[in-house]
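Below: the structure, in structure tokens.
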Amino acid sequence: MVSASEIAALLGAASTIAVILGVPFIYLQMRQNARMVEAANRQSELVARQNRSQVMLSIAEHMTDREFVLQRKAVRDIIAKRQADGWDGFADAVDGFEVRAFAIQYESAALMAKLGLIEEQTLLETLGYLVYVDWLQLAPAMDEFEKLWGRATFPNFRAIALRAAAYWKERAGSAVPGPRPADARLGS
């Protein structure tokens, strides 16, 4: 007959052998799980890149759309007309709403970059120098809005315009035209 101590010793040895034999299987399972996590991370990154690409393509498509080009021209004409008229009632007139509707397009794109929804460098590459040029053109109207509403008028548009100027100056390795004397407030 087998004693209880022999059975306990036999079970202890069997469990030790089972643990030793199970370690490679646990190791292999952990490696497999790590590979699955890596694959999931790569897939997530690909989806994020695809989403960013679609957003940037949408922005680029919008900025080159004929309607946007005509809106840019109309806003420039409005600003020239209102400057000549002394800006009387501009902010609450249809002209003011038209300029704000145009500026909010840049404000929204810049806010997406600020929130990390799109990469700022990609946005700057997509918009090119256009954002800074448009900011300079809209600066007189922005001054009028800021007189009424304060410094916070289109802050993201302003910020992305200034970063675009610095970005393209650095990329070009040469001087980028700075603000005109009337636009000196841009650097503040």
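The values are calculated or read from the model by the stated rules, or taken from the named source; none is laboratory data. If you're wondering where the values come from, they're calculated on a predicted model, not measured in any experiment. Glycine also receives a Cβ, built like all others from the backbone with ideal geometry; neighbour counts cover every protein chain displayed.
Against the test of being surrounded by fewer than 17 Cβ atoms within 10 Å (Cβ to Cβ), in the same structural domain as Glu170 (by TED's automatic domain parsing) and not in a loop (DSSP other than H, G, I, E, B), the options Arg76, Arg151 yield a single qualifying residue, Arg76.
Of everything listed in (1) in contact (Cβ under 8 Å) with a residue 24 or more places away in the chain; (2) under 25 Å from Gln83 (Cα atoms), the single unmet condition for Trp168 is (2). Restricted to segment 102-138, and to residues that are surrounded by 19 or more Cβ atoms within 10 Å (Cβ to Cβ) and among the small types (Gly, Ala, Ser), which residue is nearest to Gln83 (Cα to Cα)? Filtering first and then ranking leaves Ala103. Within segment 79-96, the set of residues being of a type outside the set (Asp, Glu), farther than 19 Å from Asp134 by Cβ and part of a helix (DSSP H, G or I) comprises Ala84, Val94. Can you name the residue in segment 121-159 that is β-branched (Val, Ile, Thr) and over 23 Å from Ile78 (Cα atoms) and is also nearest to the chain's Cα centre (by Cα) among such residues? Step by step, filter segment 121-159, then rank; the result is Thr122.
Among the criteria (1) at pLDDT 90 or above; (2) loosely packed, with under 15 Cβ neighbours inside 10 Å; (3) of a type in the set (Ser, Thr, Tyr), the one Tyr167 does not fulfil is (2).
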